[in-house]
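Have a look at the structure below, then the notes.
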Amino acid sequence: MTINTSHCSTQMPSMNDWSDLSATESSISTGCRQPPSPQESGFCSWVRNLLNYLTGTFGEKLSCSKLNSALNDIFSPENGWVHKGHFEYGGTNQVGYRSKQIEGVIYIVSAPCHDLSNPDTQQHVLSGGRNAAQMLSEIKNTYPNDEVKILIPVAQSNKFGFSEKRGHFVLLEVDMQEGKCQSAKIHDSKGGLLDTVYRGAKHLKKQLLADKNLSLTKNFAINTEYHGHQSVFNGNDCGRYSAYYANKIIEKRNLSEATDARPFFEKHL
């Protein structure tokens with residue numbers, strides 16, 4: 001598991017990987033290894049920056065609308081992506097999803113959705129204004145005869161008592177062929193510790209099964225891959241990793257390593 005500093009593009013190992021720390025530090029410049037100085041900013045800013053430095057946090061936690069805006073830039077019309085399914089959210093017009101055909105497969109990158117089965121109005125709005133089942137159902141109706149790979153950032157509701165807002169972003173990858181979901185997988189940037197309490201795949205499966213248009217059977221499985229790239233103490237960068245994983249999947253690159261995550265964040269997020 002890797003941990004990033006907020007002062008350079010070189011990745012550092014996580015706090016659970018001290019055995020490799022000395023070797024990694026030798027290849028990092030002295031400036032990159034220095035924590036933020038309290039003389040360079042106010043005390044509160046210094047404390048925040050120091051915590052970010054220690055936990056490998058890149059920046060502030062992304063809202064659903066900010067993440068969706070970043071996805072517009074990453075998967076842009078200039079790069080051959082078609083923006084579709086516009087909807088109103090937070091008083092603004094949002095792109096519902098972006099599509100592009102690559103080697104016979106239609107790739108879809110969706111706006112952030114949530115995994116809530118029975119959300120109240122506030123939860124629904126804070127978590128993107130749409131649920132994942134709604135997005136999959138819309139795509140099924142739009143591409144009933146195609147091979148489609150769907151990538152949906154999912155705003156989970158695992159608040160763990162720390163916030164009134166939704167908790168953690170993961171990326172849902174669904175393969176659909178001729179309107180039928182063939183497989184589903186959650187990509188989680190953290191390890192599996194927190195999910196042992198929340199059980200995100202169970203939450204999501206309950207929501208998907210309730211959508212009759214998807215016609216899923218009870219034995220439909222959603223697998224989870226815990227990539228461990230995000231420190232357990234880093235509560236901000238999950239949205240950035242969901243966009244990063246989507247890009248890597250489309251480019252058919254290995255998700256086990258995240259050595260270029262920080263340059264990707266600096267460029268797009």
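The values are calculated or read from the model by the stated rules, or taken from the named source; none is laboratory data. The structure presented is a predicted model; accordingly, all values stated were derived computationally and were not measured. Glycine also receives a Cβ, built like all others from the backbone with ideal geometry; neighbour counts cover every protein chain displayed. We work out accessible area using only protein heavy atoms, side chains counted, and drop any ligands, DNA or RNA first. Shrake-Rupley method; radii C 1.70, N 1.55, O 1.52, S 1.80 Å.
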Cα gyration tensor, the range 58-268 - rounded (a/c under 1.5), prolate or oblate: rounded
Cleavage-rule hits (trypsin sites (Lys or Arg not before Pro)) in the range 176-223: DSSP loop, at most 10 neighbouring Cβ within 10 angstrom: LYS218
Qualifying GluC sites (Glu not before Pro) in the range 54-93, DSSP loop, other Cβ atoms within 10 Å at most 16: GLU60
Spin-label pair ASP175/THR142, simplified geometry with 7 Å Cα→Cβ offset, distance in nm: 2.2
Loop GluC sites (Glu not before Pro), the range 165-269, which have at most 16 other Cβ atoms in a 10 Å radius of their Cβ (DSSP): GLU178, GLU251, GLU257
Residue-span extension gain [ASN213 to HIS268] - 0.36 nm each, minus C-alpha spacing: 16.3 nm
Taking the range 58-268 and dividing mean pair separation by its residue count, relative contact order in percent (alpha carbons under 8 Å, at least six apart): 19
Where the range 192-269 is the region considered: accessible area per residue in Å², 1.4 Å probe: 51
Taking the range 153-236 and dividing mean pair separation by its residue count, relative contact order in percent (alpha carbons under 8 Å, at least six apart): 28
Aspartates and glutamates with Cα under 17 Å of LYS202, excluding same-chain neighbours fewer than 8 positions away: ASP115, GLU173, ASP188, ASP211, GLU225
